[in-house]
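The values are calculated or read from the model by the stated rules, or taken from the named source; none is laboratory data. Because the structure is predicted, anything quoted here is derived from the model rather than measured. So basically every Cβ, Gly included, is an ideal-geometry build from the backbone, and we count neighbours across all protein chains shown.
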Amino acid sequence: MAARFTSLFRRESKPPREATPHFSHLQKAILCWLCREGQRRQRSDETTAIAFATLVHGLKAEKTEIVMSLRRLMKKGFLEVTLPRGAWTRYVSLTEKGGKYAKTLSKDTQTSATSLRSPGKNKRDREGERRRR
């Protein structure tokens with residue numbers, strides 16, 4: 001019996017597959033927004049790091065929710081937050097991994113990221129969106 005039990009540990013198993021990341025709508029919106037804003041800033045020869053206040057203003061979501069989503073994305077290695085020496089403002093930028101994933105997000109996700117900007121839509125706007133789909 002003991003030989004059977006120890007033989008289970010000696011077997012070589014397959015290497016674990018890399019799991020596909022699961023993100024909330026806000027996390028996807030953050031990645032898409034940072035990717036688009038970074039591309040816009042590259043065209044205008046600005047720095048690609050974006051101030052945290054600009055991110056909050058651009059997404060128009062609750063600040064605490066954005067902070068929690070940023071922390072989760074940082075743990076997964078999709079973005080980095082820096083605080084330059086002597087500065088008060090934190091800057092957010094995508095890592096290579098985050099940039100690749102943000103580009104692979106579908107257009108459907110990108111449209112949901114823009115829908116966060118206008119939280120109080122009226123009935124006529126919602127009906128117009130349904131007709132366009």
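Restricting segment 92-105 to residues that are in contact (Cβ under 8 Å) with a residue 12 or more places away in the chain and of a type in the set (Ser, Thr, Tyr) leaves a set whose member that is surrounded by the most Cβ atoms within 10 Å (Cβ to Cβ) is Tyr101. Could you list, in sequence order, all residues of segment 63-80 that are of a type in the set (Val, Ile, Thr) and within 13 Å of the chain's Cα centre (by Cα)? Selection gives Ile66, Val67.
Determine whether Thr89 is over 10 Å from the mean Cα position of the chain (by Cα) and either surrounded by 18 or more Cβ atoms within 10 Å (Cβ to Cβ) or assigned to a helix (DSSP H, G or I) (or both). So Thr89 does not fit the description; no.
Yes/no per residue for (1) among the acidic types (Asp, Glu); (2) at pLDDT 75 or above:
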| residue | (1), (2) |
| --- | --- |
| His25 | no, yes |
| Lys28 | no, yes |
| Glu46 | yes, no |
| Val56 | no, yes |
| Leu70 | no, yes |
| Asn122 | no, no |
| Glu129 | yes, no |
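Looking only at residues of segment 3-22 that are at pLDDT 70 or above and basic (Lys, Arg), we find that the one that is nearest to Thr104 (Cα to Cα) is Arg17.
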